[in-house]
1. Specify the residue that is farthest from the other protein chains (Cβ to nearest Cβ); the eligible residues are those in segment B:253-302 that are under 21 Å from B:Ala239 (Cβ atoms) and β-branched (Val, Ile, Thr).
2. A:Gly58 - would you say it is farther than 28 Å from B:Val711 by Cβ and either more than 7 Å from every other protein chain (Cβ to nearest Cβ) or among the β-branched types (Val, Ile, Thr) (or both)?
3. Against the condition buried (at least 22 other Cβ atoms within 10 Å of the Cβ) and among the aliphatic types (A, V, I, L, M), how does B:Ala93 come out, does it pass?
4. Go through B:Ala725, B:Ala751 for me and flag whichever is touching a residue at least 60 places away in the same chain (Cβ under 8 Å) and either in contact with a His (Cβ under 7 Å, 6 or more places away or on another chain) or assigned by TED's automatic domain parsing to the domain that holds B:Cys116 (or both).
5. Say whether the condition of being in contact with a His (Cβ under 7 Å, 6 or more places away or on another chain) and of a type in the set (A, V, I, L, M, F, W, C) is met by at least one residue in segment A:97-104.
6. Looking only at residues in segment A:11-35 that are away from chain B (no Cβ under 11 Å) and polar (S, T, N, Q), which one is farthest from B:Ala46 (Cα to Cα)?
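The values are calculated or read from the model by the stated rules, or taken from the named source; none is laboratory data. It should be emphasised that the depicted structure is a prediction, and the values quoted were computed from it without experimental measurement. Virtual Cβ from ideal backbone geometry, glycine too; neighbours counted across all protein chains shown.
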Amino acid sequence: MDILREDLLLTGTKESCGAGDCGACTILVDGESRLSCLMLAAQMQGRDVTTIEGLAEGENLHAVQEAFVQHGAIQCGFCIPGMVLAAVDFLNRNPNPTRTEIREGLAGNLCRCTGYQKIVDAVEAAAARIRQEARL
Amino acid sequence: MGNQDHQIGPVNIHKFPPAYNETLSVGISLVRVDAHEKVTGKTVYAADYYGKNMLWAGVKRAGIPHARMKAIHTDRAGRVPGVFCILTHKNVAGTNRQGVIRKDQPVLVDDKVRHCGDAVALVLAETKTALRESIDLISLDLEPLPSVINPEHALEQGSPLVHEDNADGNVLLKGDLKIGAGSIAEQECDVIMEACFETQRQEHAYLETEAGWARMEEDGKLVIVCSTQTPFRDRMEVAEALDQEPSRVRIIAPYSGGAFGGKDGVTVQSLLGLAALNSGGRPVKMWWDREESFLSGTKRHPARMYYRLGARADGSLHFLSVRLYFDTGPYDHLGGVVLTLALEHAGGPYRIPNAVLKGWAVYTNNPVSGAFRGFGVPQVTAAMEQMMDMLADKLGMDPLELRFKNAVRRGDRNCVGKTLDASTGLMDCLEALSKHSLWEEREAWKCAAGPFKRRGVGMAAVMQASGYGPVVPDVANAKVELTTDGKVRVYCGVVDMGQGNASTNLQIAGSILGQEAGQMEIVLPDTDLTLPSGSASASRCTYTFANALIGAAETLKQRVLQRAADMFMVRDIEELTLFPGGVKHLVSGRELSLGALARFLNDSERVATYRFRAPVAKDSVTSDDGLKLHGLPHRLFSYGAHLAFVEIDELTGKIDVKRYLAVSDCGKVMNPQIYEQQIHGGISNGLGYALSEDFKVHEAKVHTPDFTTYVLPTAADMPDMDSVAVEIYEPTGPFGLKGVGEIATNGPLPAVANAVSDASGVRLLRFPLTPERVLKAIRDQEG
């Protein structure tokens, strides 16, 4: 995480506990969510790393990002980069989740502001949109 | 380190993204202005500032709770490669004292260590590694003193003193209120309930820990960027503590990654200032890691509360006696204000004609207690709302019926004797709750409990005052500018720490000036650019600032229309209207763009400012000037009624909250999405307080310094929440609004405790309600 934030100046990935407890540092490594605060730089060698800055395609937000915006899932925003990437990986694995499954799937990402409900609403809506777009 | 310097530009402007160009109106759910930048990782928080040539600043903490400072040895620490310098109190030129009401907290310890997290030395180093190594090598000559760890013992004769120069021993503030006939009225009661409640410390646990960055600019100005709720107060505190001219200190407050009261008062500010004064012009950064935040940041006051509540046989409350002991830790940090608010709310939102209310905010060597969402009210609500249920049980009354019987209405006197002359919607909240489908289904739901499960439903009535009380001015100054590009730029005076007031402010200004999202810009709090507007606290952020903003926006609107009228040679400005991007003369159809108009105005005409001071109570409830200064009484209250649906596992004692309803009277709703965000967040803080968040301190040392030992609710722990807004118009509020930021935090603990009692017959008086405590209580009851 230090390389991302201090050397590459990609400060979108956040440190909040430095111990793997809170999920704020979540990034995607070869498409799977990982806690960057627990990773050594050497573990990135040869891998595809996606941080929050790389999720949108130009002006087009990812369906999860758009849903978070529309559903009011963002308050202070500090947990959001990790939460969004965790949700992206979660939906890749479980494209048609129940609300309970969404709650369990995101239980590794702490949020102190929202009480999680609008986050769950957003992920549910994003899942529906992604499924619909996949059908087209 | 990255190659760029972090630029502090003259003005840092935030806007809606280009694709978003909705009409701005008050009362609808608009997407927040900060949502897009936060979801793409573009937002730069105080913790995100770096820069070429930057030094890391870190603090050596005392490690023991109470000691005389003899010497600080920094030689070995100073020789660690990469260490730039080590500073102690000797380097602090000013008073070396900080505090909001009582200035009793040093920037760096000089005479005594007063808690384990006390800051003793400040190290500046090239790397985090050098910083840590150096801090570890600093040694302290300390003469340990007996610690003060129990608030009630701290009040006894002969107790060690935390501040020897305090005239009142270990008392920071005490309150003693007699209402009506006082204790004589106890004899007139038909029923008396008595209990002692203990609530625990709670950790704010904002995701962005205490953080900031500072630099001495070439012109001699000290610039500090920090995650704070109080940029203007910070400026005064830093200036005084470090002997700087306030006008030579600039505090910038970007979007904060959560605060909840933990950043109301100094955290990193003076330390950063001290570092920047000694770094040879290099920028400095301080970012507390999670453990340091646990050890050194402030906490919710733990409280022991003795209650005696008396009523007549018909259920009307007649007498209340409370003794509140709030452990405030070693420094003021608003502890007296918390105690005062607790006393004011100790009787809840009810008519209680006679009362004796006593409380003490006590100095100890435990971790520092300070502001935390609710601010003394969650503690007393935990007690009072359980007393109400216990009383209802004794009287054979339904708990809701007992609340209806005693709920304050407008014009009543509350339990500290304040006449409620502002909007008072508690009855409406109780009505709405009683008609809600969840209330109607409750018995059927309880009966459907599965094997080894017990279900219960519990309620709580809540209130929360807003503002600072009758003495401290609750003032905001708004500034709105028509830029030469024809944009409307709002200078936000109150920090946006996630509550979305940046967006609410744009919604208000845009709606008054008839503009769409695309025309609006916002500047976040900055002591050089925005105007003093008080703290982001006390549920007054929108109430007070928005009232000022309405004035500024209306002033600018009038000026724009007047000037356009002059340019159109029209006499009656009522023939003109603002529309997105311009002004139109309705009669002739002529239009003028805002940009063109702006370029005709002198710079001084393009800016409008307006000051608003919140109205205060005119009636007094005490002659104690100390209590008045600390906020007694308030004038404006929000109200609510909460309902918790709880399922207990008989085998493990675990409590699952299945559903939660919060009905709230916070005036008219300006933005339903933002309103709900506040209610949801408050409920989740309250449920953590109720069930799992147990900040453990033993012998003044913290035993829960991380998220493994201090358990926060996750998405899997939280129920689906229903929020109902009872929209009673508050005439003094902007568009009829009252504060919503804190009130929802007060309901969950007592509602859940009442539900647990309903489910199991067991009443727990110590918190949180961990599975161990619940299981033991159920076993004891059966045994």
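1. Among them, the one singled out is B:Val266.
2. On the way: farther than 28 Å from B:Val711 by Cβ: yes; either more than 7 Å from every other protein chain (Cβ to nearest Cβ) or among the β-branched types (Val, Ile, Thr) (or both): yes.
Here the answer is yes, as A:Gly58 does meet what is asked.
3. On the way: buried (at least 22 other Cβ atoms within 10 Å of the Cβ): no; among the aliphatic types (A, V, I, L, M): yes.
No: the conditions fail for B:Ala93.
4. Working: B:Ala725 fails: either in contact with a His (Cβ under 7 Å, 6 or more places away or on another chain) or assigned by TED's automatic domain parsing to the domain that holds B:Cys116 (or both).
Unique residue meeting the criteria: B:Ala751.
5. Pass one, segment A:97-104, residues in contact with a His (Cβ under 7 Å, 6 or more places away or on another chain): none.
No, the conditions are met nowhere in segment A:97-104.
6. Once the filter is applied, the top-ranked residue is A:Ser33.
Every residue, every condition in (1) modelled with pLDDT of 95 or more; (2) at positive phi; (3) part of a loop (DSSP other than H, G, I, E, B), yes or no:
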| position | (1), (2), (3) |
| --- | --- |
| B:Val80 | yes, no, yes |
| B:Ile86 | yes, no, no |
| B:Lys90 | yes, no, no |
| B:Ala93 | no, no, yes |
| B:Val100 | no, no, yes |
| B:Asp110 | yes, no, yes |
| B:His115 | yes, no, yes |
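Residues checked against (1) of a type in the set (Val, Ile, Thr); (2) more than 12 Å from chain B (Cβ to nearest Cβ); (3) not in a helix (DSSP H, G or I):
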| residue | (1), (2), (3) |
| --- | --- |
| A:Glu6 | no, no, no |
| A:Leu9 | no, no, yes |
| A:Cys37 | no, no, no |
| A:Gln75 | no, no, yes |
| A:Ala86 | no, no, no |
| A:Phe90 | no, no, no |
| A:Pro95 | no, yes, yes |
